[in-house]
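The values are calculated or read from the model by the stated rules, or taken from the named source; none is laboratory data. Remember, predicted model here, so these are calculated numbers, not experimental data. In this analysis, Cβ positions are derived from the backbone assuming ideal geometry, glycine residues included, and neighbour counts consider all displayed protein chains. Just so you know, the surface numbers come from the protein's heavy atoms only, side chains and all, with ligands and any DNA or RNA stripped out. Shrake-Rupley method; radii C 1.70, N 1.55, O 1.52, S 1.80 Å.
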Amino acid sequence: MDPLKQKFQEKSSELKSEIKALLKEQGNTIVDEVRLSQVFGGMRGVKSMIWEPSQLDPIEGIRFRGYSIPELRELLPKIPGSKEPLPEALFWLMLVGEIPTIKQIHWLMDQWISRSVVPEHTFKMLDALPENTHPMTQFSLAITSMQTDSVFAERYAKGMRKSDYWDATYEDTMNLIARLPRVAAYIYRRTYHNGDHIAPDISLDWGANYAHMLGIEDQDFKSLMRLYLTIHADHEGGNASAHATHLVGSTLSDAYYSLAGGMNALAGPLHGLANQEVIKWIMKMLDTLGTHTPTKDQITDYVNSTLASGQVIPGYGHAVLRQPDPRFIAQKRFAEEYIKDSEIINVVWDCFEVIPGILKGLGKVKNPWPNVDAHSGAILVHYGLKEYSYYTVLFGVSRALGVLSQLCWSRALGFPLERPKSVTTKWVTEYLSEEKVHANQAE
Ligand code: NMX
Ligand code: MLT
């Protein structure tokens, strides 16, 4: 058994026994209560799922296995000459809860290189799609098309024991993550560069090789990719892409089907597609105003006109966070350090000064601060990756790390089919009138 799998097996069997004892002793303990507004309001805040790789605090933001983003930048192993954390290292941390050594990371890099061959039919399938197919549609289809290689599906069909599900899921997870940069870069080059594809460079790490296959060789861009692929990787389990992956996976759909489900959720404008919407909105603003250097007053007027036309301001607000997103701050820090003077990045920073005040003034927006998507596009534009309809694919490649590491845990811990209860509005009104009767009787 490989060393990461061995470690995962040890850690997950330990936790499985702990959970068994916990549920035996405390299974009936109430950990939350649900208000009617939550039932109608997208289940905000309802504790209803276990998610091991990360947890989100509304004020502090995301912590991966307890570590904040600045802590990860400090502690995770790096490529010599780069100051940014390696997504490979974050995957290791999320999967087994330990910061890996550089030796372990080199082992993981070799593993992913040896597993990175994409089936020929996936390329053929992509080539058969119209070139204007949205990159997220291509990405989702490409992931589903590789399901032909699922170790889980193959072993399940042969009658795999339940106690071996985690093993097959681990194999699928490793294979799928290894292939994603190649698939994602293929989509980029076929859509925007006439199918002029770039062969992988197996001497590079996962993020740098992805940058290379996209066609951007700037060393700073490679550093950006390492950071980008690290900070987008996970945001606890309730976000739509994680939850969708988890829900699909709970039916024992394999990692390919599950991740494709998650990516279809990520493709929505309230979720991952917001990264393309932000830059689209900024470009339209600059175009409308006829300047690359708008004043704060001009931005204010443009924001108000967007709101007046009944649209949201993309990149602002969050279902959980109540402070500027630390992932936004991490990108701002990167831009301050690596990019000295960029007009488009200055616009993002001016928006950061202007937009929260306007959103606060609406009186209904719970979080007026920028989220991860408010910053990413401007940095990508700076390095020449200007095709904004591609941006959500980058998010998706990263998100696979978190949601698939949890899928391994869900299999190892034997989590059941997810099946919450729904009710009709009629049921609610009847329930409320019964409650009223009981309250009156009690008086
Ligand atoms: N611009 C304008 N209105 C907003 C915004 C915004 N950025 N954010 C929230 N609101 C409105 C929201 O539409 C709702 O209005 P109404 O009652 O008329 O329906 C009201 O404020 C209350 O919403 P909240 O409870 O603050 O937010 P909720 O938890 O429902 O939604 C988002 C969270 C992220 C969907 C929401 O803030 C939004 O639409 N933001 C813009 C899209 C975006 O940036 N999404 C990316 C999120 C991060 N990610 O990568 O997934
Ligand atoms: C995410 O990264 O998934 C988003 O910030 C959305 C969320 O956490 O709900």
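A Förster radius of 35 Å, combined with the Cβ-Cβ distance separating I50 from E74, puts the computed FRET efficiency at roughly 0.80.
Figure the gain on full extension for S17 and K366 (residue separation times 0.36 nm, minus the Cα-Cα span) and round it to one decimal in nm. It would help to have the intermediate numbers written out before the result.
Details: separation 349, 0.36 × 349 = 125.64 nm, distance 3.98 nm.
Contour length minus the Cα-Cα distance gives 121.7 nm.
Of the solvent-accessible surface of region 10-135, computed with a 1.4 Å probe and all protein chains present, 55% belongs to carbon and sulfur. Packing around the peptides 306-319, 11-24, taken as the average count of other Cβ atoms within 10 Å per residue, puts them in this order, highest first: 306-319, 11-24.
Phi-derived couplings, Karplus 6.51 cos²θ - 1.76 cosθ + 1.60 at θ = phi - 60°, listed residue by residue for region 134-150: 4, x, 6, 5, 4, 5, 4, 5, 5, 4, 4, 5, 7, 4, 3, 9, 5 Hz, with x used for Gly and Pro. Within the listed set V46, V354, V428, the residue fluctuating most in the Gaussian network model of the chain (springs between alpha-carbon atoms under 10 angstrom) is V428.
How many angstrom lie between the Cα centre of region 121-161 and the Cα centre of region 288-318? Value for the Cα centre distance between the two parts: 39 Å. Dividing the Cα radius of gyration of region 287-443 by 2.2 N^0.38 Å, with N the residue count, gives 1.49. Each residue of region 318-334 is assigned a 3J(HN,Hα), and the resulting list reads 6, 6, 10, 4, 10, 9, x, 5, x, 6, 5, 5, 4, 6, 5, 4, 4 Hz, derived from the Karplus form 6.51 cos²θ - 1.76 cosθ + 1.60 (θ = phi - 60°), x at Gly and Pro. Shape class for region 168-244, computed from the alpha carbon gyration tensor (a ≥ b ≥ c): prolate, with a/c not under 1.5 and a/b above b/c.
Highest mean first, the peptides 194-202, 208-216 sorted by other C-beta atoms within 10 Å per residue fall in the order 208-216, 194-202.
Tell me, in nm to one decimal, what length is gained between T288 and D2 on full extension, where the rule is 0.36 nm per residue of separation less the Cα-Cα distance?
Stretched fully, the T288-D2 segment lengthens by 97.3 nm.
Might you report the magnitude of the Cβ-based charge dipole of the chain about its Cα centre, with Lys and Arg at +1 and Asp and Glu at -1, to the nearest 20 debye? In debye, rounded to 20, the chain gives about 680. In this structure, L36 and T251 have a Cβ-Cβ separation that, at R0 = 22 Å, corresponds to a calculated FRET efficiency of about 0.15. Build a GNM of the chain with springs between Cα atoms under 10 Å apart, and of E120, E25, E98 the one that fluctuates most is E25. Among 224-235, 369-380, sorting by the average number of other beta carbon atoms lying within 10 angstrom of each residue, highest first, gives 224-235, 369-380.
So if each residue of separation counts as 0.36 nm, and I subtract the Cα-Cα distance between Q311 and T425, what length gain in nm does that give?
Stretched fully, the Q311-T425 segment lengthens by 38.3 nm.
Overall form of the chain: oblate. Here a/c, set by the Cα gyration tensor axes a ≥ b ≥ c, is 1.5 or more, and a/b is not larger than b/c.
Spatially, region 341-372 and region 2-20 are offset by 43 Å when compared through their Cα centroids.
Sequence-ordered 3J(HN,Hα) estimates for region 353-368 from the Karplus curve with 6.51, -1.76 and 1.60 and θ = phi - 60° stand at 7, 8, 5, x, x, 5, 5, 4, x, 5, x, 10, 7, 6, 9, x Hz, glycine and proline given as x.
For Y316, nonlocal amide neighbours, meaning residues 5 or more places apart or on other chains whose placed amide H falls under 5 Å from its own, are N371. What is the calculated FRET efficiency for E217 to K436, with r their C-beta to C-beta distance and R₀ = 51 Å, to the nearest 0.05? Approximately 0.15, to the nearest 0.05.
Judged by the ratio a/c of the largest to the smallest principal axis of the C-alpha gyration tensor, region 70-134 counts as prolate, that ratio being 1.5 or greater while a/b is larger than b/c. For the chain, a Gaussian network of Cα nodes joined below 10 Å ranks D149, D57, D341 by mean-square fluctuation, and the top entry is D341.
When the C-alpha to C-alpha distance is required to be over 22 Å, the pairs from K78/K103; K284/K340; K11/K83; K20/K158; K47/K366 that qualify are K284/K340; K11/K83; K20/K158.
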